[in-house]
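Novice: This structure is in C-alpha coordinates; I'll ask about it shortly.
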Amino acid sequence: MKTLPKSALLTCLLISLAGCASMSAPPITPGQSETEVIGKLGTPSARYQDGSDSILAYVHGPWGQQTYMARLDADKHLKSYEQVLTVQKFATVKIGETTQQDILHTFGKPAETSYLSLSDLTVWTYRYKENGVWDSMMHVHFDRHGIVQKNDEWTGYMAGAAGRSAQPASFQSHAVKPVKKIYRILYYFLVQQHDAESRIFSTYSGNFHSG
(Lines give C-alpha, C1' and ligand atoms only; values in the text may rest on other atoms or scores of the structure.)
Protein backbone atom coordinates (compact mmCIF):
# COMPACT_ATOMS: atom_id res chain seq x y z
CA MET A 1 0.00 0.00 0.00
CA LYS A 2 1.44 3.35 -1.09
CA THR A 3 1.60 6.25 1.34
CA LEU A 4 1.88 9.93 0.58
CA PRO A 5 5.26 11.56 1.13
CA LYS A 6 5.60 13.70 4.22
CA SER A 7 5.92 16.80 2.04
CA ALA A 8 2.57 16.05 0.38
CA LEU A 9 0.89 15.49 3.74
CA LEU A 10 2.32 18.77 5.02
CA THR A 11 1.03 20.58 1.94
CA CYS A 12 -2.47 19.15 2.43
CA LEU A 13 -2.41 20.18 6.07
CA LEU A 14 -1.38 23.74 5.22
CA ILE A 15 -4.13 24.00 2.60
CA SER A 16 -6.70 22.78 5.13
CA LEU A 17 -5.54 25.28 7.74
CA ALA A 18 -5.63 28.06 5.19
CA GLY A 19 -9.20 27.10 4.29
CA CYS A 20 -10.27 27.17 7.95
CA ALA A 21 -8.62 30.53 8.43
CA SER A 22 -10.41 32.00 5.43
CA MET A 23 -13.75 30.66 6.69
CA SER A 24 -13.28 32.21 10.13
CA ALA A 25 -12.00 35.53 8.82
CA PRO A 26 -14.58 38.34 8.77
CA PRO A 27 -16.01 38.85 5.27
CA ILE A 28 -15.81 42.63 5.62
CA THR A 29 -13.69 45.05 7.62
CA PRO A 30 -14.26 48.58 8.96
CA GLY A 31 -13.52 51.32 6.46
CA GLN A 32 -14.85 49.48 3.42
CA SER A 33 -17.36 51.30 1.25
CA GLU A 34 -21.04 50.41 0.98
CA THR A 35 -20.40 49.14 -2.54
CA GLU A 36 -17.69 46.79 -1.25
CA VAL A 37 -19.90 45.58 1.60
CA ILE A 38 -22.82 44.77 -0.69
CA GLY A 39 -20.42 43.26 -3.20
CA LYS A 40 -19.28 40.74 -0.56
CA LEU A 41 -22.48 40.20 1.41
CA GLY A 42 -25.08 40.63 -1.30
CA THR A 43 -28.34 42.56 -1.22
CA PRO A 44 -29.38 43.27 2.40
CA SER A 45 -32.61 41.87 3.83
CA ALA A 46 -33.52 45.38 5.01
CA ARG A 47 -32.13 48.90 5.26
CA TYR A 48 -32.54 51.38 8.10
CA GLN A 49 -31.50 54.96 8.71
CA ASP A 50 -30.31 55.80 12.22
CA GLY A 51 -29.38 59.47 12.32
CA SER A 52 -26.47 59.93 9.93
CA ASP A 53 -25.72 56.20 9.99
CA SER A 54 -27.08 53.66 7.53
CA ILE A 55 -27.74 50.10 8.62
CA LEU A 56 -27.79 47.06 6.37
CA ALA A 57 -29.47 43.99 7.88
CA TYR A 58 -28.65 40.46 6.75
CA VAL A 59 -30.88 37.67 8.07
CA HIS A 60 -29.41 34.15 8.02
CA GLY A 61 -29.81 30.71 9.53
CA PRO A 62 -32.80 28.40 9.99
CA TRP A 63 -35.88 30.33 11.09
CA GLY A 64 -33.90 33.56 10.79
CA GLN A 65 -31.98 32.89 13.99
CA GLN A 66 -29.03 35.04 12.96
CA THR A 67 -29.12 38.67 11.93
CA TYR A 68 -25.95 40.52 10.98
CA MET A 69 -25.98 44.31 11.07
CA ALA A 70 -23.54 46.35 8.98
CA ARG A 71 -23.48 49.95 10.20
CA LEU A 72 -22.18 52.62 7.81
CA ASP A 73 -21.23 56.20 8.65
CA ALA A 74 -22.40 59.34 6.85
CA ASP A 75 -19.74 58.79 4.18
CA LYS A 76 -21.08 55.26 3.57
CA HIS A 77 -18.05 53.51 5.04
CA LEU A 78 -18.36 50.51 7.34
CA LYS A 79 -18.21 51.27 11.07
CA SER A 80 -19.17 47.87 12.52
CA TYR A 81 -20.47 44.45 11.55
CA GLU A 82 -21.91 42.00 14.09
CA GLN A 83 -24.37 39.21 14.72
CA VAL A 84 -26.97 40.85 16.96
CA LEU A 85 -29.34 38.02 17.99
CA THR A 86 -27.38 37.05 21.10
CA VAL A 87 -28.05 37.01 24.84
CA GLN A 88 -25.33 39.60 25.34
CA LYS A 89 -26.92 42.00 22.86
CA PHE A 90 -30.43 41.49 24.25
CA ALA A 91 -29.06 42.36 27.69
CA THR A 92 -28.32 45.91 26.47
CA VAL A 93 -32.05 46.65 26.17
CA LYS A 94 -33.16 49.07 28.92
CA ILE A 95 -36.62 48.72 30.38
CA GLY A 96 -38.56 51.98 30.32
CA GLU A 97 -36.01 53.64 28.02
CA THR A 98 -35.41 51.62 24.86
CA THR A 99 -37.88 52.45 22.10
CA GLN A 100 -39.42 50.35 19.35
CA GLN A 101 -37.27 52.25 16.86
CA ASP A 102 -34.15 51.41 18.89
CA ILE A 103 -35.07 47.72 18.84
CA LEU A 104 -35.64 47.80 15.08
CA HIS A 105 -32.27 49.45 14.46
CA THR A 106 -30.49 47.06 16.84
CA PHE A 107 -32.09 43.68 16.01
CA GLY A 108 -33.98 44.24 12.77
CA LYS A 109 -37.52 43.10 12.04
CA PRO A 110 -39.03 40.55 14.46
CA ALA A 111 -39.95 37.04 13.36
CA GLU A 112 -43.44 37.47 14.80
CA THR A 113 -45.61 40.22 16.25
CA SER A 114 -48.62 39.92 18.54
CA TYR A 115 -50.79 41.96 20.85
CA LEU A 116 -51.78 41.19 24.45
CA SER A 117 -55.08 42.97 24.98
CA LEU A 118 -55.21 42.24 28.70
CA SER A 119 -51.94 44.03 29.42
CA ASP A 120 -52.20 46.36 26.39
CA LEU A 121 -48.72 45.40 25.18
CA THR A 122 -47.37 44.78 21.71
CA VAL A 123 -44.92 41.88 21.54
CA TRP A 124 -42.07 41.44 19.09
CA THR A 125 -40.61 37.94 19.03
CA TYR A 126 -37.08 37.15 17.89
CA ARG A 127 -35.80 33.62 17.31
CA TYR A 128 -32.15 32.99 18.11
CA LYS A 129 -29.63 30.34 19.10
CA GLU A 130 -28.71 30.76 22.76
CA ASN A 131 -24.97 30.24 23.09
CA GLY A 132 -25.08 29.08 19.49
CA VAL A 133 -26.84 25.85 20.54
CA TRP A 134 -30.33 26.19 22.02
CA ASP A 135 -33.33 27.17 19.91
CA SER A 136 -34.77 30.10 21.85
CA MET A 137 -37.09 33.10 21.58
CA MET A 138 -36.87 36.61 22.91
CA HIS A 139 -40.16 38.44 23.50
CA VAL A 140 -39.87 42.22 23.61
CA HIS A 141 -42.94 43.92 25.11
CA PHE A 142 -43.85 47.52 24.19
CA ASP A 143 -46.46 49.79 25.70
CA ARG A 144 -48.73 51.93 23.54
CA HIS A 145 -46.03 54.61 23.41
CA GLY A 146 -43.50 52.18 21.90
CA ILE A 147 -41.35 51.92 25.02
CA VAL A 148 -40.00 48.55 26.18
CA GLN A 149 -41.73 47.38 29.38
CA LYS A 150 -40.72 44.56 31.68
CA ASN A 151 -43.45 41.92 31.83
CA ASP A 152 -42.87 39.25 34.44
CA GLU A 153 -46.45 38.05 34.46
CA TRP A 154 -45.87 35.17 32.06
CA THR A 155 -42.17 34.59 32.64
CA GLY A 156 -42.60 31.38 34.61
CA TYR A 157 -45.20 29.99 32.25
CA MET A 158 -43.35 30.78 29.06
CA ALA A 159 -39.90 29.76 30.24
CA GLY A 160 -40.84 27.02 32.69
CA ALA A 161 -38.01 24.96 34.11
CA ALA A 162 -35.95 25.73 31.03
CA GLY A 163 -36.15 29.48 31.60
CA ARG A 164 -33.21 31.73 32.27
CA SER A 165 -33.40 33.16 35.78
CA ALA A 166 -29.91 34.66 35.80
CA GLN A 167 -30.48 37.34 33.14
CA PRO A 168 -29.50 40.96 33.90
CA ALA A 169 -32.11 42.82 35.93
CA SER A 170 -32.64 45.29 33.07
CA PHE A 171 -34.12 42.66 30.78
CA GLN A 172 -35.59 39.22 31.34
CA SER A 173 -34.99 36.61 28.65
CA HIS A 174 -37.93 34.38 27.85
CA ALA A 175 -35.96 31.50 26.36
CA VAL A 176 -37.69 28.31 25.36
CA LYS A 177 -35.64 25.13 24.78
CA PRO A 178 -36.51 23.76 22.35
CA VAL A 179 -38.93 26.11 20.61
CA LYS A 180 -42.39 24.55 20.41
CA LYS A 181 -45.02 26.29 18.35
CA ILE A 182 -47.75 24.74 20.45
CA TYR A 183 -46.42 26.66 23.47
CA ARG A 184 -47.03 29.94 21.71
CA ILE A 185 -50.50 28.91 20.55
CA LEU A 186 -51.50 27.77 24.01
CA TYR A 187 -49.99 30.87 25.59
CA TYR A 188 -51.97 33.30 23.46
CA PHE A 189 -55.13 31.20 23.79
CA LEU A 190 -54.90 31.41 27.58
CA VAL A 191 -54.20 35.13 27.49
CA GLN A 192 -57.23 35.82 25.31
CA GLN A 193 -59.44 33.52 27.38
CA HIS A 194 -58.33 35.21 30.57
CA ASP A 195 -59.12 38.56 28.99
CA ALA A 196 -62.59 37.37 27.97
CA GLU A 197 -63.30 36.01 31.45
CA SER A 198 -62.21 39.33 32.96
CA ARG A 199 -64.67 41.21 30.73
CA ILE A 200 -67.50 38.82 31.66
CA PHE A 201 -66.72 39.24 35.35
CA SER A 202 -66.67 43.03 35.00
CA THR A 203 -70.03 43.01 33.21
CA TYR A 204 -71.54 40.69 35.81
CA SER A 205 -70.22 42.82 38.65
CA GLY A 206 -71.62 45.95 37.05
CA ASN A 207 -75.05 44.40 36.61
CA PHE A 208 -74.99 43.11 40.17
CA HIS A 209 -74.18 46.51 41.65
CA SER A 210 -76.63 48.33 39.39
CA GLY A 211 -79.36 45.88 40.37
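The values are calculated or read from the model by the stated rules, or taken from the named source; none is laboratory data. Worth saying up front: this structure is predicted, and the values here are computed from it rather than measured. Here the Cβ is made from the backbone with ideal geometry for all residues, glycine too, and neighbour counts use every protein chain on show.
Novice: Only one of (1) surrounded by 14 or more Cβ atoms within 10 Å (Cβ to Cβ); (2) not assigned by TED's automatic domain parsing to the domain that holds Val140 is not met by Gly51, so which one is it?
Specialist: (1)
Novice: List the pairs whose first member sits in segment 100-120 and is touching a residue at least 40 places away in the same chain (Cβ under 8 Å) and assigned to a loop (DSSP other than H, G, I, E, B), whose second member is loosely packed, with under 15 Cβ neighbours inside 10 Å and of a type in the set (Gly, Ala, Ser), and whose Cβ atoms are under 7 Å apart, counting only residues at least 6 apart or on separate chains?
Specialist: Partner pairs satisfying both residue conditions: Gly108/Ala46; Lys109/Ala46; Leu118/Ser198.
Novice: Return the residues of segment 61-82 that are over 18 Å from Ser33 (Cβ atoms), surrounded by fewer than 17 Cβ atoms within 10 Å (Cβ to Cβ) and without any contact (Cβ under 8 Å) to a residue 60 or more places away in the chain; say none if nothing qualifies.
Specialist: Pass one, segment 61-82, residues over 18 Å from Ser33 (Cβ atoms): 61-67, 82.
Imposing the further condition that a residue be surrounded by fewer than 17 Cβ atoms within 10 Å (Cβ to Cβ) reduces the set to 61-63, 82.
Result: Pro62, Glu82.
Novice: Then there is this: Could you look through segment 43-87, keep only residues that are in a loop (DSSP other than H, G, I, E, B), at pLDDT 95 or above and under 21 Å from the mean Cα position of the chain (by Cα), and pick out the one that is farthest from Val140 (Cα to Cα)?
Specialist: Once the filter is applied, the top-ranked residue is Thr43.
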